[in-house]
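The values are calculated or read from the model by the stated rules, or taken from the named source; none is laboratory data. Keep in mind that what you see is a predicted model, and the values were worked out from it rather than measured. Cβ coordinates were reconstructed from backbone atoms using ideal geometry, including for glycine residues, and neighbour counts include every protein chain displayed.
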Amino acid sequence: MYKINTNYQKLPGSYLFSTIAKKVSAYKETNPEADLIKLGIGDVTQPLVPAIIDALHGAVDEMADKDTFRGYAPDLGYEFLRNAIVENDYKKRGCDISADEVFISDGAKSDSGNIQELFGTDNIIAVCDPVYPVYIDSNVMAGRCGNYDEKTGKWSDVVYMPCTRENGFVPEYPAKAPDIIYLCNPNNPTGTALNLDEVQGWVDYARKNGSIIIYDAAYESYITEPGIPHSIYQCEGARECAIEIRSFSKNAGFTGVRLGFTVVPKDIAAGGVRLRDMWARRHGTKFNGAPYIVQRAGEAVYSAEGAKQVAEEVGIYMKNAHALKDGLKDAGYEVYGGVNAPYIWLHTPDDMTSWEFFDFLLEKANVVGTPGSGFGPSGEHYFRLTAFGTYEDSMRALERIKKL
Ligand code: MLT
């Protein structure tokens with residue numbers, strides 16, 4: 001008789017955004033006339049930019065010709081894309097990363113969920129609290145988190161690093177060093193960002209304690225302030241202790257197209273085994289590459305035209321972020337984020353819990369957001385709004401919230 005992976009049974013409820021989607025469709029069923037504005041999941045609303053569309057069309061035509069048709073992609077991804085990434089995302093920022101350390105994937109969500117496979121189940125993970133749920137859930141599935149305590153909302157074997165208004169959303173170093181440290185910077189969900197010195201501090205801490213950092217930089221293109229690192233490899237020593245995960249979803253609107261990459265430097269090794277080689281082995285075995293046409297679209301993000309056009313789209317979302325933030329502040333809300341990230345993180349009014357505020361907003365304003373407690377216990381009494389809606393929807397939502 002087969003046996004299931006019982007770790008799955010430990011997971012409470014469904015994935016956060018699936019739970020929200022279910023709640024919203026139930027509401028819509030009983031209130032079919034409701035004009036809902038969805039500022040919940042961080043999904044983009046702007047179309048792909050012309051440079052990307054041209055690249056997609058060109059690549060589709062190549063696939064229609066027997067001389068230019070492509071089958072399986074190379075294990076790590078096409079060189080044209082890996083070289084463009086190295087040049088633009090790393091060399092230009094003074095980071096020493098080579099193309100054979102870059103692994104193209106179908107997105108940062110898959111990579112951030114899969115990367116834990118490289119580590120033994122007895123490793124202790126540390127996460128910021130609140131946290132992007134994929135980091136925890138994927139480790140629970142692997143059997144690395146112990147047991148869930150409904151009362152505290154915590155896993156027994158996970159080290160939580162609270163990020164709240166009290167500490168300026170800057171995680172403190174755990175007293176006992178964890179093995180694996182997840183950092184998302186700029187941060188989802190709080191929309192705040194650690195500066196270069198703070199990230200350097202984490203690199204120093206990881207090196208001193210023999211820990212590894214999984215650095216999720218999916219939102220780096222939203223950085224507007226100087227002093228916030230676009231890559232962890234801007235820090236000295238990061239090549240020895242940090243894996244970086246990047247996405248094309250948020251900077252170039254690929255949420256439905258799917259493309260991302262992970263950097264595993266050759267300098268990271270444990271007991272003489274290079275993690276880069278392990279990840280290459282895994283990639284070769286379990287993944288057949290992002291589609292050629294999508295990798296060509298990714299390359300177009302780095303062309304002169306493409307870079308200009310995607311930057312304009314990022315600008316559109318940041319205009320939403322600023323307007324939402326300022327508008328909510330004017331309306332008396334306590335608001336964070338929205339400066340180096342497309343997320344607004346507000347403190348719930350009148351001591352409402354995150355889910356109470358979710359229901360309140362859904363019922364009274366027909367606006368969908370994300371309850372902070374869904375991201376972890378320290379997210380209680382906070383609420384996330386995404387700036388990825390259209391400007392019109394963001395402003396309509398703001399007006400409705402102001403009237404509450
Ligand atoms: C979010 O809303 O947190 C993100 O869209 C989720 C994701 O990128 O997977």
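Screening region 175-208 for residues that are away from the ligand (no atom under 16 Å from the Cβ) and closer than 14 Å to ILE125 by Cβ and picking the one that is nearest to the chain's Cα centre (by Cα) gives ILE181. Of the helices (runs of 4 or more DSSP H) lying entirely inside region 1-96, those carrying at least 3 residues that are away from the ligand (no atom under 16 Å from the Cβ), in the same structural domain as VAL263 (by TED's automatic domain parsing) and closer than 22 Å to ASN288 by Cβ are 50-63, 79-85. Within region 97-114, the set of residues being of a type in the set (Ser, Thr, Tyr) and either in a helix (DSSP H, G or I) or within 21 Å of the chain's Cα centre (by Cα) (or both) comprises SER105, SER110, SER112. Among the residues making up region 107-125, those that are free of Cβ contacts under 8 Å to residues at least 60 places away in the same chain and more than 16 Å from the ligand (Cβ to nearest atom) are GLY120, THR121, ASP122, ASN123, ILE124, ILE125. Scanning region 236-258 for residues that are within 13 Å of the ligand (Cβ to nearest atom) and in contact (Cβ under 8 Å) with a residue 40 or more places away in the chain gives ILE245, ARG246, SER247, PHE248, SER249, LYS250, ASN251, GLY253, PHE254, THR255, ARG258.
Quick check on region 126-163: of everything there that is over 19 Å from CYS184 (Cα atoms) and in contact with a Gly (Cβ under 6 Å, 6 or more places away or on another chain), which residue is nearest to the ligand (Cβ to nearest atom)? Among residues in region 126-163 that are over 19 Å from CYS184 (Cα atoms) and in contact with a Gly (Cβ under 6 Å, 6 or more places away or on another chain), the one nearest to the ligand (Cβ to nearest atom) is TRP155.
Scanning region 368-392 for residues that are within 16 Å of the ligand (Cβ to nearest atom) and within 18 Å of TYR317 (Cα to Cα) yields VAL368, GLY369, THR370, ARG384, LEU385, THR386, ALA387, PHE388, GLY389. The single condition from (1) of a type outside the set (S, T, N, Q); (2) exposed (fewer than 15 other Cβ atoms within 10 Å of the Cβ); (3) touching a Gly at 6+ places or on another chain (Cβ under 8 Å) that GLY13 fails is (3). Do we have GLU313 as touching a residue at least 40 places away in the same chain (Cβ under 8 Å) and among the charged types (D, E, K, R) here? Yes.
Which residue is surrounded by the most Cβ atoms within 10 Å (Cβ to Cβ), if the candidates are limited to region 157-171 and must be among the charged types (D, E, K, R) and more than 16 Å from ILE124 (Cβ to Cβ)? Filtering first and then ranking leaves ARG165. When TYR219 is tested against (1) touching a helix residue (DSSP H, G or I) at 6+ places or on another chain (Cβ under 9 Å); (2) within 19 Å of SER373 (Cβ to Cβ), exactly one condition is not met: (2).
Just one of the numbered conditions (1) more than 13 Å from SER105 (Cα to Cα); (2) more than 16 Å from the ligand (Cβ to nearest atom); (3) assigned to a helix (DSSP H, G or I) is not true of ASP267: (3). Here GLU356 does not qualify as surrounded by fewer than 24 Cβ atoms within 10 Å (Cβ to Cβ) and either in the same structural domain as ASP137 (by TED's automatic domain parsing) or in contact (Cβ under 8 Å) with a residue 12 or more places away in the chain (or both).
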